[in-house]
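Just below is one structure, and these are the notes that go with it.
The values are calculated or read from the model by the stated rules, or taken from the named source; none is laboratory data. Just so you know, these numbers come straight off a predicted model, no measurement behind them. Here Cβ is always computed from backbone atoms with ideal geometry, including for glycine, and neighbour counts include all displayed protein chains. Keep in mind that these areas ignore ligands, DNA and RNA; they rest on the heavy atoms of the full protein, side chains included. Shrake-Rupley method; radii C 1.70, N 1.55, O 1.52, S 1.80 Å.
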Amino acid sequence: LRYMGSNQLYKGSLATIILKLLEEKGRMYGYQITQEVKAISAGEFVITEGALYPMLHKLEADGMLTVETEMIGNRMRKYYSITHDGKKEVVDRMAELEAFIRHMQTLLNPNIELA
């Protein structure tokens, strides 16, 4: 995952991005995931194949994703879908992320009241 801002800040976000995207969009293949992230972020986030596929394999091994292989034309394409466990993981990760953002806002702008 490459972010046009600070790379360190976004390094650990790849799994969350993938899971959330599959939760919202349904079944997708790898290249489609990279292009969707690029489009949604107006080019600010770029997921490289070298980062994407190992993460997809890890999420599958962890039971967060299922994989279906389909013949498209003369080539095989792998489609990834989020599982029930993956959906629970998204809820947990989004809650953690929202809490983190809230705490950072409080630390960096202690005079601003948060809703």
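For the range 103-111, check the following and say yes or no: at least one residue is under 13 Å from the mean Cα position of the chain (by Cα) and open to solvent by less than 100 Å² (accessible area, probe 1.4 Å).
Filtering the range 103-111 down to residues under 13 Å from the mean Cα position of the chain (by Cα) leaves none.
Checking the range 103-111: not a single residue is under 13 Å from the mean Cα position of the chain (by Cα) and open to solvent by less than 100 Å² (accessible area, probe 1.4 Å).
Mind listing whichever residues of the range 4-41 are over 13 Å from the mean Cα position of the chain (by Cα) and modelled with pLDDT under 90?
Result: Met4, Gly5, Ser6, Asn7, Gln8, Leu9.
When you look at Met55, is it touching a residue at least 12 places away in the same chain (Cβ under 8 Å), in contact with a strand residue (DSSP E or B) (Cβ under 8 Å, 6 or more places away or on another chain), under 27 Å from Phe100 (Cβ atoms) and surrounded by 14 or more Cβ atoms within 10 Å (Cβ to Cβ), yes or no? Show your work before the answer.
Numbers: touching a residue at least 12 places away in the same chain (Cβ under 8 Å): yes; in contact with a strand residue (DSSP E or B) (Cβ under 8 Å, 6 or more places away or on another chain): no; under 27 Å from Phe100 (Cβ atoms): yes; surrounded by 14 or more Cβ atoms within 10 Å (Cβ to Cβ): yes.
Considered against the rule, which asks whether it is touching a residue at least 12 places away in the same chain (Cβ under 8 Å), in contact with a strand residue (DSSP E or B) (Cβ under 8 Å, 6 or more places away or on another chain), under 27 Å from Phe100 (Cβ atoms) and surrounded by 14 or more Cβ atoms within 10 Å (Cβ to Cβ), Met55 comes out as no.
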